[in-house]
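Step one of this worksheet: look at the structure below.
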Amino acid sequence: MDEDAIVLDLRGLKCPMPVLRARRSLRALSPGARVIVECTDPMAAIDIPHFAHQDGHVLEGQSTQNGVLTFRLRRGA
């Protein structure tokens, strides 16, 4: 895991809350900062990558393990 990244534990939240919380967190950071989003809402597999692209952030990776979706995001300019 990226040691300087902020981890957002959004497990249990339903759409659109994971995206809204990730967006708010990224807005508060400097460009290049990293956020790791952990959630359980299956729609996040579509919503988080879409929001990252739409807002100009970089989706550095995503994975699923034991029902938890994990997204590694880097704040864009």
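The values are calculated or read from the model by the stated rules, or taken from the named source; none is laboratory data. Please read all numbers here as calculations on a predicted model, not as lab measurements. Cβ placement follows ideal geometry from the backbone for every residue including glycine, while neighbour counts extend to all protein chains displayed.
Before moving on, here are some points about what is shown:
- ILE48 vs. criteria touching a helix residue (DSSP H, G or I) at 6+ places or on another chain (Cβ under 9 Å) and closer than 15 Å to ARG11 by Cα: yes
- CYS15 fulfils the conditions (1) farther than 11 Å from LEU73 by Cα; (2) modelled with pLDDT of 95 or more; (3) of a type in the set (A, V, I, L, M, F, W, C) except for a single criterion, (2).
- Flag for GLY67 being touching a His at 6+ places or on another chain (Cβ under 6 Å) and either touching a residue at least 60 places away in the same chain (Cβ under 8 Å) or not acidic (Asp, Glu) (or both): no
- Restricting region 52-77 to residues that are in contact with a Leu (Cβ under 6 Å, 6 or more places away or on another chain) and not hydrophobic (A, V, I, L, M, F, W, C), the residue that is farthest from GLY32 (Cα to Cα): HIS57
- Selection within region 56-73 - surrounded by 15 or more Cβ atoms within 10 Å (Cβ to Cβ) and over 18 Å from ILE6 (Cα atoms): none
- Identity of the residue in region 17-33, over 15 Å from ALA45 (Cα atoms) and without any contact (Cβ under 8 Å) to a residue 12 or more places away in the chain, that ends up farthest from the chain's Cα centre (by Cα): ALA28
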